[in-house]
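The values are calculated or read from the model by the stated rules, or taken from the named source; none is laboratory data. Owing to the predicted nature of the structure, the values given are computational and were not obtained by experimental measurement. Counting neighbours? That spans all protein chains shown, and the Cβs are built from the backbone with ideal geometry, glycine included. Just the protein is used for accessible areas: all its heavy atoms, side chains included, with ligands, DNA and RNA removed. Shrake-Rupley method; radii C 1.70, N 1.55, O 1.52, S 1.80 Å.
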Amino acid sequence: MERARLKRASLFALREPIPRRVALAVTVGVFATLAVAWVVLSYGGFVRPLFLPTPTAVLERAVFLYREEILVRDIWISNVRVFSGFLMAMVVAIPLGMLAGNLPIFAAAVNPFMGFIRYMPVPAFIPLLVLYAGIDEAPKILLIFIGTAVQMTIMVGDVTRRVQPELIRAAMVLGADSREIFRKVIWRGSLPGIVDVMRINLGFAWTYLVVAELVAASEGMGFRILRSQRFLQTDTIFLYILLIGLLGILFDFAFRQLHRFAFPWIRERVRG
Amino acid sequence: MLEAVNVSRVYGTGPDAVTALEHMRLTVRSGEIVCLVGSSGCGKSTFLSLVAGLETPTSGRLLLDGVPLVEPGADRGMVFQSDSLFPWLSVRDNVQFGLSLHETRRTHGGLMGRLYAHCDELLEQVGLWPFRDAYPAQLSGGMRQRASIVRALATRPAILLMDEPFGALDAQTREEMQLLLLKLCAEYGTTVLFVTHDVEEAVFLGDRVVVMRPRPGRAVADVAVPIARPRDRRTRLSPEFQAIRGQVLDHLYESMSTDSP
Ligand SMILES: Nc1ncnc2c1ncn2[C@@H]1O[C@H](COP(=O)(O)OP(=O)(O)OP(=O)(O)O)[C@@H](O)[C@H]1O
Ligand SMILES: [Mg+2]
């Protein structure tokens, strides 16, 4: 009996793991509640279809746009834009963040500058980007790049700075030079953190999509949402927002799997 | 042989400057185990960092076999108090870390091969061979420290520097580790400079126990420990052991009461 009481209490114990089944049930419960609310409110006629389309309407939209060969095309082009900008940001932010996090001279060069641009509203760059980069893919990709690269650099810097000084001292005593310490200690030690930073920043990149597709786009998920607003096609808006959410869950899952399989040495810690 | 002549180390400048070490003198002969004891903040870790080449002395000279020490080198191995194994490498890769660095610079052929074999032999000797593919997080604290010692010995250093390596272990594991260290030293004739808070540990391990005094840090007493080796559990019970321990404690309390102005 004592045991049962403890068990019930432990579902709300700080930082105590809860059974997998319970966690899954809670997660599914949240989505199910939202789905039920949607069904009841829309089919029940409590909210006008203009504000809340029915699931049927959204599905029909999906089928229609798929048949018209719009849906897949939109998803594809938006993914290309987001990932191009995101990959460019990675290429810049990872080395820069590592240097800024560990070499004071780079910190002096990079950190104040990043602080300077960090608070600037990204959409404010649109007129300049159009002026410099035209109206093709370039300005859209650049916008996503600007939106993510700055935060990413700062976060990578933080993560790499957190590699324990003992490990660096140990490597030095074992004869490692600065380059080897960067490669074999700081890089290896902060890699899991860097993957986490990427996971978080991919989310940021997607949030800039609609802004990016404000720029003279004629296709893409963000563009379709904006245009649907003009034609009051709430069902299309719902469809695309839900699709972006689903993509998010998918990418998050992929990153978590990568983490699990690439860094077995972390997982063991929990057990040991 | 390690020689420290009037070694001083000052941190910071101006009114905030801290003199961690002043005119520290110490000689450790080849094959000797010398233990450093002293109250917290008397510069023990600072001294080891200087010898390891992780920091440079503000003044004074440090020589290993007559060669000035300016940067870290394979001739010195170090074991830290806190966990310093690379968590992402297996035990064996941790132990071979130092060797793998040299390999990328220049291949020594036969010598490298012998050093790698030496690593495996050491792992076998400390009972870690069955755990060679495990990650540090899968090991107990004592096993992790054993791996750290093996890693420090892997390049066959002329001197092994140890900064309170057993401080975080429980009493029983600690005793096991002391015996293991003595066994390894006896076998390989390793020179050791060992920092500890524990006077009993110092007397048990050392050929000499050097007592340091804080503010500014320096060596104030050098007590010889003429207890025969091999030493074992019963050594601690002998009147001789207790007498030396008492002597070291006297020096320690004296050093603390005569705080310099
Ligand atoms: N990087 C540093 N910057 C400024 N002061 C330092 C630094 N390292 C050590 N000190 C100071 O130097 C003195 C000696 O420190 P050290 O760590 O060598 O002492 P210790 O004998 O190892 O002490 P403990 O037994 O607590 O480990 C202390 O007063 C400490 O505050
Ligand atoms: Mg210390």
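Table for the structure above
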quantity	calculated
Helical contribution to [θ] at 222 nm, DSSP H n ≥ 4, -39,500 (n - 2.57), averaged over chain A, rounded to 500	-25500 deg cm²/dmol
Where the stretch A:69-266 is the region considered: accessible area per residue in Å², 1.4 Å probe	50
Using θ = phi - 60° and Karplus 6.51 cos²θ - 1.76 cosθ + 1.60, couplings along the stretch B:60-73 (whole Hz; Gly, Pro as x)	x, 10, 10, 10, 10, 6, x, 9, x, 9, 10, 9, x, x
Helix B:141-153 axis, angle to chain B major axis (alpha carbon atoms, nearest 10°)	90
Relative contact order of chain A, pairs being alpha-carbon contacts under 8 Å that are 6 or more residues apart, as %	22
Equivalent ellipsoid semi-axes, the protein assembly as shown, via Cα gyration tensor eigenvalues times 5, rooted, Å	61, 28, 22
At least 30 Å² accessible surface lost relative to isolated chain, residues of the stretch A:166-190 (1.4 Å probe)	A:E166, A:L167, A:R169, A:A170, A:M172, A:V173, A:L174, A:G175, A:E180, A:K184, A:R188
Ellipticity estimate at 222 nm from DSSP helix runs (n ≥ 4, -39,500 (n - 2.57)) divided over chain B, nearest 500	-11500 deg cm²/dmol
Chain-alone versus full-assembly comparison, the stretch B:122-156, residues with accessible loss of at least 30 Å² (1.4 Å probe)	B:Y135, B:A137, B:Q138, B:R151
For the pair B and A, total buried accessible area rounded to nearest 100 Å², probe 1.4 Å	2300
Number of partner chain Cβ atoms within 10 Å, mean per residue of B:74-83	3
Accessible surface ranking that places the most exposed of B:R61, A:R161, B:R76 first, with a 1.4 angstrom probe	B:R61, A:R161, B:R76
Computed accessible area, B:E200, all protein chains, 1.4 angstrom probe, square angstrom	60
Table column - 3J(HN,Hα) (Hz), the stretch B:121-135, Karplus curve with 6.51, -1.76, 1.60, x for Gly and Pro	4, 4, 4, 4, 5, 8, x, 9, 4, x, 10, 4, 9, 7, 8
Centroid-to-centroid separation of the stretch B:1-70 and the stretch A:145-177 [C-alpha atoms, Å]	29
Heavy atoms of B:K183 accessible to a 1.4 Å probe, total area in Å² rounded to 10	100
A:A107/A:F51 FRET efficiency (R0 30 Å; Cβ-Cβ; nearest 0.05)	0.05
Förster radius 51 Å - calculated FRET efficiency between A:I18 and A:V63, Cβ distance, rounded to 0.05	0.80
Antiparallel bridges, percent of DSSP beta bridges restricted to the stretch B:125-261 (to nearest 5)	55
Prolate/oblate/rounded call for chain B, Cα gyration tensor, a/c under 1.5 rounded	oblate
FRET E, pair A:F261, A:I200, Förster distance 22 Å, beta-carbon r, rounded to 0.05	0.70
The stretch B:117-236: relative contact order as a whole-number percent, Cα under 8 Å and 6+ apart	18
Cα gyration tensor, chain A - rounded (a/c under 1.5), prolate or oblate	oblate
The protein assembly as shown - percent of accessible surface contributed by carbon and sulfur, probe 1.4 Å	61
5 angstrom amide H check on B:V220, placed H, neighbours 5+ away	B:V211, B:M212, B:R213
Fraction of antiparallel bridges per DSSP, the protein assembly as shown only, in percent to nearest 5	50
Under 5 Å, built H, 5+ apart or other chain: amide partners of B:L21	B:R9, B:G217
Phi to ³J(HN,Hα) by Karplus 6.51 cos²θ - 1.76 cosθ + 1.60 over the stretch B:211-222, Hz, x for Gly, Pro	9, 10, 10, x, 6, x, x, 6, 7, 10, 8, 9
For the stretch B:110-177: rounded, prolate or oblate by the Cα gyration tensor [a/c cutoff 1.5]	oblate
